[in-house]
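A.B. asks: Below is one structure. I have some questions about it.
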Amino acid sequence: MADYDTESSDGSDEDSSSETDYGKSVQLLGSKQSSWAYILLSIKNSQNFDFYTVLTAAQQSFLCMDFSNAIKLFAVVFDQRINKQWLYTDDNSSVLLPNVKAKLLESQEMLTVSITRCCAVVLEESEQEHVDQLDLENIVELKQSLHAILMGYNKLGLETAVLLSQASAFYLGCKEYETALSLSERAVVLDPLLITAQEVHENICCHLVERWHFVMLNDKFRNSSYERAILRAIDQYSGDVSVCDVGCGSGLLSLIASKHPSCHRVYAVEKMSTMVDIAKKVFEENICPAEANKIKLINKMSSKMSIPSDLSKEAHILVTETFDAGLFGEGILPTLCHAWSKLLSQGEKTKSVVIPSSAKLYVQAIESEAILEESRLKPDVDLCDLQHTSVCIYSTVGMCTPDPYTTHDLKQLPGGYRTLSDPLMFMEVNFNDPKKLSELNNGKLQHFSLDITRSGRLDALAVWFSLCLLDDVEISTHTECNSCWEQAIFPVNSCSLKEKRSSLDTNAGDVLRVTQFVKGAQHCLSVTDIFRLGEASAVKRWLSSSGQQEKIEHESILTNSLEWCKKQIYCLSSGDIATLNDSSFHQAVGKTLREISHGQADFIHLNTGFSPFCLQALKMGYRHAWTTVHSPLHQVLTWKLGQENGTDLLALSLVQESEDYDLDTANRRRLDKNRSRLYKHVDGDTDDGGADAQREGRSTQCSGSELSEKCVLVLDVVDWHGRLVEDLSEKVARMRKCVLSYREARVVPHRVDVWAVLIDSEELLSRSRVVSNDRTLGYNIGKFVNRFSTRNHQSILLESLPHSKLCKPFKMFTLDLKRLVLNSTHHYQETESECKTSIYKPESVSHTSGTYCPSSTATCTYNALEACDHQSSVPLSGNGNNNNQTMSEKLSTRCHVETCDSKRQAHTQTNIAEPWSLHQDTQDGAEYARENSSLSGEGGCSLPKKLRRDSDGADDCENWGFNQSTNLTLDMTTPGTVTALVYWFDLHLSDQDTTTSTSSLASADTVKPMTDPGVSGSALPESGSVAISDEIVSDLSSHSTINSTNASLPVDPQTASPGLSCQSSASAPTSASSRHCLPISGPAGGDIPSVSSSQSLSTVSTLNPVHHWQQAAIMCDPGKPKSVVAQGDQLRLHCIMGSSAFRFWILD
């Protein structure tokens, strides 16, 4: 840097002058400017602005909530003109001025928050159909600015894992997956224990490689069946054979074809660039250099391929497996129609072959309590005394586009299921018939009948298929075949029936009229009528009459939720339906609300989905209620229920976003206060009883005329999938301001306990990674695919998951929501003109030196935050109770990206990391270790020292906040290999709760009886419960092992074989009544015992099968050796809770 000029060799004078210039810069830009874009342009065009001026402008832009221009101004800091003049002490670019380095580190927190906020904006714009051109230009500028910032911090050696993880989340929102992956991997390397970096990285991995790839590659029977079919098809041709693998994925089928001596050329077609990179590495690993030119990778959609640009000539064989659970959902019809017209030969002598050659679809009517509870609102459900007879509420699945069906593995349905009909083969598709494929692709509507053979409640139609790969080589997706596919579940609802019925109960002899519509990737199946026993001849005549079939347009089967709303039918998500059907949970919350409602109080519900709790509170006598509505449909449904129950809708406030709670409650209470003063002025200060009565009457007529001194705050803590709700820490921070003006406030739940258990589960392992090369026929594929494996899994049903529990349940953490919400409020002053907030850097742990190196803590003073506090909606108080929250948590919005796994949505989330603190406690079956020094495990994992609480008991959130860490020593009760840690939550609703925890399986005392003792394996829950002895419960909880093969009912080959092609033969059942009953896989000897309904309602466990929640799991660190334990062994764990995510590591 030859043009660098300094007046002092030691830099002391430079530092002094720099500080002076910094003061001038603050004075120059201290006031908020009208346009930060104009300031940015002026700085870029000017030669007079120095480093401190630009940095101050970026900080001030951040404080004015102009996050986009803040990032652009931060990027100007790294402009070469400024770098050469202000950053370095001499020509060595690695030596920074000390004050410059401090300022850059200090500003990194603001930069991180700005990136997170802009990421949220990008995600919102990506969901819009039309994006403004100016917005697109702004996103391009943001990406360029962020690139310059990251390059600058990297060059200076100042980049952190938090900065890189949030930058990767931003690029993920921009759908630049490769850049996002590279940044997230760097973040994980910088800080392997930073939960935020892990969450973002797994989020990106789920986008790049869908989770079903792991299950499919682990299906050895499927892989070997395709191998036999491909090799046999090549043998049918003479000379050089070419094979086209459409949707090659990791390249397994292409590898199989290339190994045949007669195979001259393989075209591996894949549209996902990430999968193409994986396939390229797989081919290089498994093919010798002499045969490397056999395979040609093509990164595009097969529908855009042609001859000769992509294929030199027509392919002899086309192999594909682009099938979902409903067969057509991944677009197999348009794919093959294009292939037959452009890529394959239709000549009689040299006609090409498609593998699989054909498919048969089967349907069966079933009854399942689990499916019912997530598909429609049960008429007898108890919504805590709320009437709901005037509303029809269904799940969007089977009602609205684009969700015609959901998927389940029937043998793992909680509570089991019963079959109401025999399996019926209702459709056959020949993939080697181009004409028939074209007809299906253009749209086909057909009707068929399904005979009911057993009485029961009709809940759904279960559909599976069998693939004839070639000749007698078949695979089936039937639940008993344990394939990589689940079954397609089409829920049945009464609104699709020609004649509306209040009940879907059926009897043996009834006949269902089923309508099917197939077009492209659409596949709709709906029960349109139920003919009773005496009407069976009518439907048969209707089906046999030529040309007399009723024309039903497919739009009448699937439409959008707003169209259904016009018909007084309300469609909610499956999670909302399951929550509404959870009567036990509603009773528990209702009981708590009645207990703590002494006098008139306000009610605030921070809900994540549709909820009727606000109406229940108003019916109980609460003065005013606030709740979140996430769509116009939620608003209409809330009003409809309120009208049916005679609710005063003037006492109900519907808030669209959680950020609006503090503003809405403040405005409401300000209005109430003015009304109260008005009444006092009109009536005068008199003790006359009549005046008081008039005042009271006028108060009751006008909602909100009296200012309440009490409020009850209800928080949705756990989502349906079994994880803490996203942005929970940020939402709790927002709720603090809502309760500031109340003299008394109660939080429900006031405490959350996080429980866990270590399990050994081969099935869960196969969902997360490729287990071995043996599963992939000896080819080394897992080495490359497992790079995208994830440790977090949700929607786990522990009661039906095949597993062995290796220890007793133990409590990991306690989240004290009461202290988090209430303990900080009395420190906050609304008139503060200056707020000091401690900015924490995430603690870094060295894996090489074995020493704990906490990052420095910087304290920044932010001016004029109160002036723009209405935009941030987060009070930034400087009291000690709030120090566990970083600026990032208070101002950031977590990037929320949804991924789809075989029609089931899996939500992953990322957020800004927070500092960790350590937690210790004691529980049965787990000794919580108290470590005062760094611990080094076998894997070289060095852990931080325990942070002790001050002797005066000062609130530091170390063992009750959102960021905790603990070391545990567990006693192993069962031998096995530690596969995962499954966790769930105890929600303590009442702070008067003195009952013991309900989460320990050893404390359970009930099991669910079977509905029909004569039918093996098809247990359905009843309303009652049967007590069992403590000895049996103890044995089940400590040593129960769930094994799908032992608990499964054998399949009748005479009646079920048309839809089955299993890898192992099965004997026929001995009882005729048990035919076609597809059983649930349960624990050896019975179900996992549920929690007794007689226990206190003040504590709700998300593990209890009577509730709607599922569980979540964390897989063991794949980079560590497998932990094989024996009974009596002790295992040491290190567990971390960061905001709403968890991690654990095995020490020894």
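The values are calculated or read from the model by the stated rules, or taken from the named source; none is laboratory data. Keep in mind that this is a model prediction, so the values were computed, not measured. Every residue, glycine as well, gets a Cβ built from its backbone with ideal geometry; the counts of neighbours run over all protein chains shown. SASA here: full protein model, heavy atoms, side chains in, ligands and nucleic acids out. Shrake-Rupley method; radii C 1.70, N 1.55, O 1.52, S 1.80 Å.
A.B. asks: Roughly how many Å² of Phe323 are accessible to a 1.4 Å probe, to the nearest 10?
C.D. replies: Taking all protein chains as shown, Phe323 has close to 10 Å².
A.B. asks: Just to check I understand the Karplus step: with θ = phi - 60° and J = 6.51 cos²θ - 1.76 cosθ + 1.60, what whole-Hz values come out for the range 778-787, glycine and proline as x?
C.D. replies: In residue order, the calculated couplings are x, 7, 7, 10, x, 4, 9, 6, 5, 4 Hz.
A.B. asks: While we're here: Can you give the accessible area of Trp36, probe radius 1.4 Å, in Å² rounded to 10?
C.D. replies: The accessible area comes out at roughly 10 Å².
A.B. asks: Using a Förster radius of 35 Å, what is the FRET efficiency between Ser584 and Asp1148 based on their Cβ-Cβ separation? Nearest 0.05, please.
C.D. replies: 0.30
A.B. asks: Mind pulling the per residue volume of the convex hull built on the Cα atoms of the range 324-435? Å³ is fine.
C.D. replies: Dividing the Cα hull volume of the range 324-435 by its residues yields 153 Å³.
A.B. asks: Tabulate in residue order the Karplus-calculated ³J(HN,Hα) for the range 364-379, using 6.51 cos²θ - 1.76 cosθ + 1.60 with θ = phi - 60°, rounded to whole Hz; enter x for Gly and Pro.
C.D. replies: 8, 7, 9, 10, 8, 5, 5, 5, 4, 5, 10, 10, 7, 6, 5, x
A.B. asks: Another question, then. Filter the cross-link list Lys143/Lys271; Lys271/Lys360; Lys294/Lys783; Lys259/Lys280; Lys281/Lys1120; Lys300/Lys519 down to pairs whose alpha-carbon distance in this structure exceeds 19 Å.
C.D. replies: Lys143/Lys271; Lys271/Lys360; Lys294/Lys783; Lys281/Lys1120; Lys300/Lys519
A.B. asks: Pulled fully out, how much extra length does the chain show between Thr322 and Ser224, if you take 0.36 nm times their separation in residues and subtract their Cα-Cα distance?
C.D. replies: 33.5 nm
A.B. asks: Let me ask another. Which sequence of Ile604, Ile139 reflects their accessible areas, 1.4 Å probe, from the largest down?
C.D. replies: Listed by decreasing accessible area, they come as Ile139, Ile604.
A.B. asks: OK, next. Report the calculated FRET efficiency for His447 and Asp382 (r = Cβ-Cβ distance, R0 = 51 Å), to the nearest 0.05.
C.D. replies: According to the calculation, E is roughly 0.85.
A.B. asks: Go ahead and collect, in residue order, the members of the range 290-329 whose backbone nitrogen is under 20 Å from a label point 7 Å along the Cα-Cβ direction of His264.
C.D. replies: Zone members listed by number: 290-298, 306-319.
A.B. asks: Further, regarding this structure: Quick one: which residues, 5 or more positions from Leu798 or on another chain, have an amide H under 5 Å from its amide H? H modelled 1.01 Å from N in the peptide plane, none for Pro or chain starts.
C.D. replies: Residues meeting the amide H criterion: Gln1111.
A.B. asks: Along each principal axis of its Cα atoms, how long is the range 419-478 end to end? Whole angstroms, biggest number first, please.
C.D. replies: 42, 29, 15
A.B. asks: Just the accessible area for Arg723, please: 1.4 Å probe, Å², rounded to the nearest 10?
C.D. replies: 10 Å²
A.B. asks: Can you tell me how the range 346-497 classifies by the Cα gyration tensor, rounded, prolate or oblate, using a/c under 1.5 as the rounded cut?
C.D. replies: prolate
A.B. asks: May I ask you to evaluate 6.51 cos²θ - 1.76 cosθ + 1.60, the Karplus curve with θ = phi - 60°, for each residue of the range 211-219 and list the ³J(HN,Hα) values in order in whole Hz, giving x for glycine and proline?
C.D. replies: 5, 5, 4, 5, 5, 5, 5, 7, 7
A.B. asks: Scan around His408 for amide H atoms under 5 Å from its own, H built in the peptide plane at 1.01 Å from N, and keep only partners 5 or more places away or cross-chain.
C.D. replies: Amide H neighbours of His408: Gln487, Ile489.
A.B. asks: Between Asn99 and Gln144, what is the label-to-label distance in nm when each label sits 7 Å out along the Cα-to-Cβ direction?
C.D. replies: 3.2 nm
A.B. asks: Debye sum, Cα scatterers, the range 161-209, no solvent: what log₁₀ I/I(0) at q = 0.17, 0.20, 0.22, 0.32 1/Å?
C.D. replies: Log10 I(q)/I(0), no solvent term: -0.35, -0.49, -0.59, -1.19.
A.B. asks: While we're on this one: By average Cβ neighbour count within 10 Å, what is the ranking of 1131-1141, 782-792 from highest down?
C.D. replies: Sorting 1131-1141, 782-792 by mean packing, highest first, produces 1131-1141, 782-792.
A.B. asks: In nm, to one decimal, how far is the Lys1122 label point from the Leu562 one, both placed 7 Å along Cα→Cβ?
C.D. replies: 5.4 nm
A.B. asks: Further, regarding this structure: Scan around Asn963 for amide H atoms under 5 Å from its own, H built in the peptide plane at 1.01 Å from N, and keep only partners 5 or more places away or cross-chain.
C.D. replies: The answer is Ser1139.
A.B. asks: Can you figure out the FRET efficiency of Lys349 with Asp277, using R₀ = 56 Å and their beta-carbon distance, to the nearest 0.05?
C.D. replies: 0.90
A.B. asks: With each label point set 7 Å from Cα along the Cα-Cβ vector, what nm distance links Glu595 and Glu176?
C.D. replies: Result: 5.4 nm between the two label points.
A.B. asks: Let me ask another. Rank by packing, highest mean first: peptides 402-409, 772-779, with packing defined as the count of other Cβ atoms within 10 Å averaged across residues.
C.D. replies: Ranked from most to least packed, the peptides come out as 402-409, 772-779.
A.B. asks: If you wrap a convex hull around the Cα atoms of the range 190-317, how much volume per residue is inside, in Å³?
C.D. replies: Considering the Cα atoms of the range 190-317, their hull volume per residue is 134 Å³.
A.B. asks: Can you tell me how the range 244-327 classifies by the Cα gyration tensor, rounded, prolate or oblate, using a/c under 1.5 as the rounded cut?
C.D. replies: Rounded, because the longest to shortest axis ratio a/c is under 1.5.
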